[in-house]
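Read the structure below first, then the notes.
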Amino acid sequence: MNVWPYNLFLACALVAALVLIRFVPGLRAPGKFLSGVPMAVTATIFLGALGVFSGILPQTGDPSAPWYYRITSTGIFAVSVVFFLLTLGLAALKRPFPKSLKKAGYLLNHAGLWIIVAGMTFGAGDIQRQKIELKKGVAIAQPDVPFEITLLDFELHEYPAKLMLFDHYSGVFVHPGDFSTELQAGKTISLMQWKIAVETVYPSASKSNKDYISDPSGKGGQAAYIKVHGKDISGETKLAAEGWVAQSGPGAMPKGVVAGRYMLAVSRSQPKLFRSVIEYRIANGPKTKSYIEVNKPLAAEGWDLYQSSYDSSMGKHSDVSVLDAVRDPWLPVVYTGIFILLAGMLHMFVFGSRASIKKGAA
C-alpha cells in the first residue's frame, strides 16, 4: 500500500517534536527523562524483543492471523519504533552542535542509526513488489512497472553431472551420488566392485545415431563415455561394459550403461548460475538489452529487477523466467544513514586510537 506523502508528513512531525522537546524550556524535563540511559535501554529491549519474535515465528501478511504472526503490522510494533526513535533522537540532540571534529562521533553514530531506523519504518509502506513471469519472445507490460520487458533468452550453467547406480531387481538407486562421482574426463571412479574410467565428457551434447556429439548451443544434456572394469570369479580384471551415459536433451531420451543387474546412469545436474537475457523499453523510448542473474539485479526507473526462478522442470531448456520487481523509494535515505553511521564508527576508531596512544605515552 502506497502511503506517500503521509509517511513523509509523519516523519517531519516526529523530527519537529524532537526539536521542540529538546529546545523548548518547558519541555526539557520530559526530554531529559526520555533521553536518559534507563529509557534508552528499555526502548532497545522492547524493540529488539519484538524483532527477535518476528524472526523466530513465521510472519504473514494476512490481517486475520494472530498478532504474533504479523508483528510488524501491529500497533504495539509501531509504538515500540516511535518510542525507540524518540529516545534515540533526544539522545542525539544532547550534543547537536559539536565544538570540534573530535567530538562529532557521538552525533554521527546516533544520527546515522536514527536515519536508518526512520527510513526503514516510514518507507515500509511505499515498498512495491511484483513478480513478473516472462516467456521467451513475448513482451510483458506489468501494472505500475513503467517499462515493457521481453525475454530474449534464458541461460543456465550447471555443475558436472553425477554418476548414479540403478538396481534393476529392486528398482531403486543404490548409490545416491556425491562429489566423488562427478563426471570428469580422465577420471577413474571406484564404485562398489568396479573401476569406472570416464573417457569423454560433453557438458552439452546431442545424439548422433548411436553416439553423442558436443552441442555448441549449450542446450543439450550432459553426456559421458565410460568404460566399466570389474573382477570376474577368477579375480581377473575385465571390461564389464562400456558406452554412453547421458541426460535427456532435445529429441533424446536419457541413456545408461547396463552392467549385470545394475545400470549406470547420470543424475540431474544442479544449477550453478542462471540468468535472463532481456530487452526492456521505457514508454516509447528505445529498446535496451541487458542481463539479469542471481545477485546481479537490473536497476531501471527506480525499480530493481532480480532473477528469481525459472521452469525447473525444463532446466536449461526453460523458455520461462521469473523476475522479482522491487521499488523502494526510501532506500537512499537508509543508505545515507548507513554512511553517516560508518563515518561515526571511523571517527571513533581514529580519535579513539589517538586517545589511547596519548594515554599510554603519558
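Some points to look at:
- Dividing the summed -39500 (n - 2.57) terms of all DSSP H runs of n ≥ 4 by the residue count of the chain sets its mean residue ellipticity at 222 nm at -10500 deg cm²/dmol.
- Sites listed here are chymotrypsin sites (Phe, Trp or Tyr not before Pro) in the range 129-191 whose DSSP assignment is loop and whose Cβ has at most 13 other Cβ atoms within 10 Å: Tyr169.
- The magnitude of the dipole of the range 160-269, with charges of +1 and -1 set on the Cβ of Lys/Arg and Asp/Glu and taken from the Cα centre, is near 120 debye.
- The eigenvalues of the Cα gyration tensor, multiplied by 5 and square-rooted, give the range 160-269 an equivalent ellipsoid with semi-axes of 24, 14, 13 Å from largest to smallest.
- If you plug the beta carbon distance of Thr74 and Lys296 into 1/(1 + (r/R0)^6) with R0 = 41 Å, you get a FRET efficiency near 0.70.
- Restraint check, Lys210/Lys316; Lys135/Lys289; Lys195/Lys219; Lys272/Lys316, Cα-Cα greater than 21 Å: Lys210/Lys316; Lys195/Lys219
- Candidates Gly220, Gln59, Ser309 compared by Cα position along the dipole of the chain: farthest toward the positive end lies Gln59, with charges placed on Cβ.
- Distance between modelled label sites at Lys219 and Leu152, nm, 7 Å Cα→Cβ extension: 1.7 nm
- Listed values for the range 104-110 are Karplus-derived 3J(HN,Hα) couplings in whole Hz (6.51 cos²θ - 1.76 cosθ + 1.60, θ = phi - 60°), namely 7, x, 4, 5, 4, 5, 5, and x replaces Gly and Pro.
- Taking every C-alpha pair closer than 8 Å and separated by at least 6 residues, the mean separation divided by the residue count of the range 160-269 gives a relative contact order of 26 percent.
- Between the range 194-213 and the range 27-105, the Cα center-to-center distance that results, in Å: 62 Å
- For the range 69-80, 3J(HN,Hα) per residue [Karplus equation, 6.51 cos²θ - 1.76 cosθ + 1.60, θ = phi - 60°, Hz, x = Gly/Pro]: 9, 8, 4, 5, 10, 9, x, 5, 6, 4, 5, 5
- Extension gain, Leu27-Tyr106: 0.36 nm per intervening residue step, less the Cα-Cα distance, totals 26.1 nm.
- Phe351 versus Asp311: modelled label distance in nm, points set 7 Å from Cα along the beta carbon direction: 6.2 nm
- (1) 178; (2) 144; (3) 278, with the label sought being that of the calculated volume of the Cα convex hull per residue in Å³: (3)
- Extension gain, Asp62-Val37: 0.36 nm per intervening residue step, less the Cα-Cα distance, totals 5.3 nm.
- In this simple spin-label model, placing a label point 7 Å from the Cα along the Cα-to-Cβ direction at both Glu279 and Trp4 gives a separation of 3.1 nm.
- Label point 7 Å beyond Cα of Arg129 along Cβ direction - residues of the range 64-81 with amide nitrogen under 15 Å: 70-73
- The chain - percent relative contact order, Cα under 8 Å, separation 6 or more: 18 percent
- Counting neighbouring beta carbons within 10 Å and listing from fewest to most, the residues Leu239, Leu163, Leu156 come out as Leu239, Leu156, Leu163.
No lab work stands behind these numbers, since they all come straight from the coordinates. Since the model is a prediction, treat every value here as computed from it, not as a measurement. Counting neighbours? That spans all protein chains shown, and the Cβs are built from the backbone with ideal geometry, glycine included.
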